[in-house]
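This report refers to the structure that appears directly beneath it.
The values are calculated or read from the model by the stated rules, or taken from the named source; none is laboratory data. All figures in this text were calculated on a predicted structure; none of them were measured in a lab. All Cβ positions, even for glycine, are placed from backbone atoms using ideal geometry, and neighbour counts span all protein chains on display. These accessible areas exclude ligands, DNA and RNA; they are computed on the full protein's heavy atoms, side chains included. Shrake-Rupley method; radii C 1.70, N 1.55, O 1.52, S 1.80 Å.
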Amino acid sequence: MKLFDLILKFDISLQDMKNYKIIIVGSGIAGMAAAIRLKSVGYNVEIFEANSYAGGKLTAFKSNDYRFDMGPSLFTMPNLIEDLFEITNKPIENYFTYKRKSIICNYFYEDGTKFSAPADIREFAKKASNTFDVEEKTILNYLYKCQKKYDLTSSLFLENSLHKISTYLSKDTLKALLNLTKLDINKNLSDYNSTIFRDPRLVQFYNRFATYNGSSPYHTPGIMSMIPSLEQSFGTYFPEGGMHQITKSLEKLAKDIGIQFHFNTKVDEIITKRSKVLGIMTGKSFIQSDIVISNADIVPTYTKLLPKEKAPKKILSQERSSSALIFYWGITKTFPDLDLHNIFFSADYKNEFKRIFQDQLISDDPTVYINISSKEESTDAPEGCENWFTMVNAPTNNGQDWDAIIIKTRTNIIKKLSRVLKVDLNQLINFEYVLDPRDIEKNTQSYQGSLYGAASNSKFSAFLRHPNFSSSISNLYFCGGSVHPGGGIPLCLWSGKITADIIHKNSKL
């Protein structure tokens, strides 16, 4: 049977909504979150994944008795995970447990300053006052104002579609517009922080939160100052079993409620006809579906999965967020001064971001992030050893000589850490695996290895992200870090919710 005849066979009028079949392309956490929400209200959902595992970037590996989480390493806002178990009436403790950290992160500055950031907001303000040139009330007022930004804008920018007129007709949006001057969208994050704090170390501390969405603090708008207040208010957590447990728990929940996964099954094309989705092609097989959700990066979704459809060139040509260069190191020593999260700041932060976004290179003095899950899970490393997830922010893959960049950056990182920690780090590394932007692009289909899709380096970035639905193709939807509201675990979970809510509203099941 010819492909056209096969498609025509399934091009029928919509049946009873309760028989709706939904296919999700990709099993990232946004896709799984959308699947769980849709299944919980009666839809038939299947997930197709090219890899042999679920989770996209949120995966793990084990080698030489070391276990490493490969991707996102910060867990906050656990309520977004809890909600998925509540709506399915499944006890979360049977799937997923976690604990709150009393110390958010350890910071090391080039001038010798060390600062362990407490999770308790008043303890944080007191300790920051003792470490930096700042009064406690200045810190508390800053965090209060940042929290207000979140309260004013979360409904608009995070919890609902930015591309539905109903969002702009809400009371929450009107309230946000009336307080527009308080959102600091007309100055960049660094300029905003510099107006609050005299101490350049504290400005650098708060500037780093721009990296939570892969942007530069010297370009992303001041409204992004809401991010540290969220971390301080909601806290940071460690999932028992590591970050990969988020993926494993959602996959198990999805399977337990009847969602079918198809692993090692690459989707070659999303089939449409007369501006309407009909299903997908995998290999030589056409699989009918009433609705298709792409959890793949939005750029390859259009260039590879929708080759016959007109692509939104302006959206797809936006500047990409930063990527990462990660060294997974087995370290034959324990470091009492280090915790789960550790930051070693560069001496010239502005130059570091210039090198990433303008020069498309990595600074000779990059800020280094080290995540050590063996601090919480002793079995993640052999006794007397630690597993270091050692990461620096990197440009996306644009054909650079990554092999040379890796060698140079590795040397610079080891030199920096050896000096600060007063060790010969080279002698302590007995296992190494390297992940660069090329690998991230290959393994996860993230365009150019971008971690968060489009960068947020302008005040209009949020509005330029691709919506969670197609305005030209009926029953085609999108979720994940490359579409609204953005990348990172909380935003991806919100993306899944927004997409599921739009589908359910449109279908009126």
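Things to note:
- Whole-Å distance, taken between Cα centres, linking the range 401-480 and the range 481-509: 23
- Euclidean distance of C-alpha centroids, the range 354-382 and the range 247-325, integer Å: 30
- Across all directions, the average flat footprint of the convex hull enclosing the Cα atoms of the range 301-372 is 7.9 nm².
- Mean ellipticity per residue at 222 nm, deg cm²/dmol - from DSSP H runs of n ≥ 4 across the chain, formula -39500 (n - 2.57): -10000 deg cm²/dmol
- The residues of the range 197-303 expose, per residue, 32 Å² of accessible area to a 1.4 Å probe.
- Among the trypsin sites (Lys or Arg not before Pro) found in the range 281-377, those both in a DSSP coil and sparsely packed, with 10 or fewer other Cβ atoms within 10 Å of their Cβ, are Lys284, Lys308, Lys310.
- Within the accessible area of the range 316-361 (1.4 Å probe), percent carbon and sulfur: 46
- Probe 1.4 Å, accessible area per residue of the range 353-418, Å²: 39
- Annotation note: GluC sites (Glu not before Pro) in the range 360-464 located in DSSP loop regions with a Cβ neighbour count of at most 11 within 10 Å are Glu383.
- Antiparallel bridge percentage (DSSP; both residues within the chain; nearest 5): 70
- Under-5 Å amide H pairs with Ala454, H placed in peptide plane, nonlocal only: Ser321
- With DNA, RNA and ligands ignored, accessible area of Glu46 (1.4 Å probe; Å², nearest 10): 40
- Debye intensity ratio I(q)/I(0), log10, the chain, q values 0.06, 0.12 Å⁻¹ (C-alpha model): -0.28, -1.14
- Heavy-atom accessible surface of the range 406-493: percent carbon and sulfur, 1.4 Å: 53
- Taking the Cα centre of the chain as reference, the dipole from Cβ charges on Lys and Arg (+1) and Asp and Glu (-1) amounts to some 1540 debye.
- Accessible surface for Met224 stands near 40 Å², nearest 10, in the context of the full protein assembly shown (1.4 Å probe).
- Carbon plus sulfur fraction of accessible area for the range 181-278, probe 1.4 Å, in percent: 48
- Heavy atoms of Ser418: accessible area, 1.4 Å probe, square angstrom to 10: 20
- In the chain, Cα pairs under 8 Å separated by at least six residues give a relative contact order of 22 percent.
- Remark: the range 13-107 carries 39 Å² of accessible area per residue (probe radius 1.4 Å; ligands, DNA and RNA excluded).
- Per-bin percent of Cα-Cα distances, the range 333-372 [5 Å]: 6, 23, 23, 16, 14, 10, 6, 1
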